[in-house]
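Report on the structure given below.
Values in this text are rule-based calculations from the coordinates and carry no lab data. These figures come from a predicted structure and were not determined experimentally. Here the Cβ positions follow ideal geometry from the backbone for every residue, glycine too, while neighbour counts run over all protein chains shown.
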Amino acid sequence: MPKSYVARLVYDRTHLSIAIVRQSLEVVGGITYRPFNHRRFAEIVFCAVSADRQVKGYGAHLMSHLKDYVKASSDIMHFLTCADNSAIGYFKKQGFTKEIALEKKKSHIVHRPPKEWKDGIKEINPLDVPAIRQSGWSPDMDELARKPRRGPSYNQLLRLLNDMLNHSSAWPFLVPVDCDEVTDYYDVITEPMDLGTMENKLEADQYVTLDDFIRDAKLIFDNCRKYNDENTPYAKLANSLERYMWRRIKLVSEWSEREF
């Protein structure tokens, strides 16, 4: 599809979109749909996964997540789409059919409220519902599910780390130093650090604050300057990446007034 056509679909104000984004902020795939809430259905107007990521389950995962999201956030009960021959197999696997069962008109159908609502809707204890009680659910589980999965600084630190990883001066610091190539490195450097290790620590929620992140980043730069002479290319790359890190930090409003 032409980029201009895809852009028109994705940025249409009446359309909503959901996407899979990798840790490197690369968009792997996405679905754009238009909800018709008064009719309780949505039209899928665009669905695509990167060519090199297809047949790996991304499309099925994306569609399943979309169904869960729409079910939880709206009254929509049906999806409609128009697919070319190459996409029919995918949509069949996701439960789509050519037989449209959606009624053309529902305005004459009257759904009587349950008799339990005669005296008004009352609050009930979820554990009074047999199926919920048998599932082993408890209020504590609900509270746990509502807790944020990541720390408050995670997204900002992720953007900062990705910017550093993609910087032209970052290449010597992407992975741990190979002791087979630099045999005495770990005799000199007792607390090694690299950007790959920082990425793993960030995903493991080991950076609670910006200060925790900066401590490890400075380890990379200080270790490099300690092992290498200041006039070597490696030391110059460390200086360049460190300056870049501080510039990026100053661009974040929550961090811009801080002194480090």
Note, Leu66: beta-carbon cut-off 15 Å, +1 each Lys/Arg, -1 each Asp/Glu, net +2
Percent antiparallel among DSSP beta bridges confined to the chain, nearest 5, equals 80
Sorted by chain and then number, the residues having a modelled amide H within less than 5 Å of the amide H of Phe79, at least 5 places away or on another chain, are Ala42
Among [x] 50, 26, 18; [y] 34, 25, 18; [z] 37, 28, 16, the entry matching semi-axes √(5λ) of the Cα gyration tensor in Å as calculated here is [x]
Quick note on Asp12, Asp68, ordering by fewest other C-beta atoms within 10 Å, gives Asp68, Asp12
Under the rule rounded for a/c under 1.5, else prolate if a/b exceeds b/c, else oblate, using alpha carbon gyration tensor axes a ≥ b ≥ c, the range 154-256 is classed as prolate
Scoring only Lys, Arg, Asp and Glu (+1, +1, -1, -1) among other residues with Cβ under 15 Å from the Cβ of Leu165 yields -3
Restricting to Cα pairs under 8 Å and 6 or more apart, the percent relative contact order of the range 171-260 works out to 22
For the range 1-99, shape from the Cα gyration tensor axes a ≥ b ≥ c, cut at a/c of 1.5 then a/b versus b/c, turns out rounded
Phi-derived 3J(HN,Hα) across the range 34-48 with the Karplus relation (6.51, -1.76, 1.60, θ = phi - 60°), rounded Hz, x for Gly and Pro, is 10, x, 10, 5, 5, 9, 6, 9, 10, 9, 7, 9, 7, 8, 8
Checking rank on 23-34, 126-137, with mean other Cβ inside 10 Å and highest first, the result is 23-34, 126-137
Relative contact order in percent for the chain (Cα pairs under 8 Å, 6+ apart) equals 10
The answer for Phe46, listing residues at least 5 apart or on another chain whose modeled amide H is closer than 5 Å to its amide H, is Thr32
Here the membrane-span-like helices of the chain, with no claim about any membrane, defined by DSSP H, Cα axial extent at least 18 Å and mean Kyte-Doolittle at least -1.0, are 58-73, 210-227, 233-250
Ranked output for segments 244-251, 79-86 by mean other Cβ atoms within 10 Å, highest leading, reads 244-251, 79-86
Extension length gain for Gln156 and Glu191 (0.36 nm per residue less Cα distance), in nm, is 10.0 nm
With x for Gly and Pro, the residue-by-residue ³J(HN,Hα) of the range 121-127, computed from phi through the Karplus equation 6.51 cos²θ - 1.76 cosθ + 1.60 at θ = phi - 60° and given in whole Hz, is 7, 10, 6, 10, 7, x, 6
From the Cα centre of the range 16-93 to that of the range 177-200, the distance in Å is 43
Once amide hydrogens are built 1.01 Å from N within the peptide plane, the residues lying 5 or more places from Val28 or on another chain with amide H under 5 Å from its amide H are Ile20, Val21, Arg22
Exposure-ranked with fewest Cβ neighbours within 10 Å first, Phe41, Phe213 stand as Phe41, Phe213
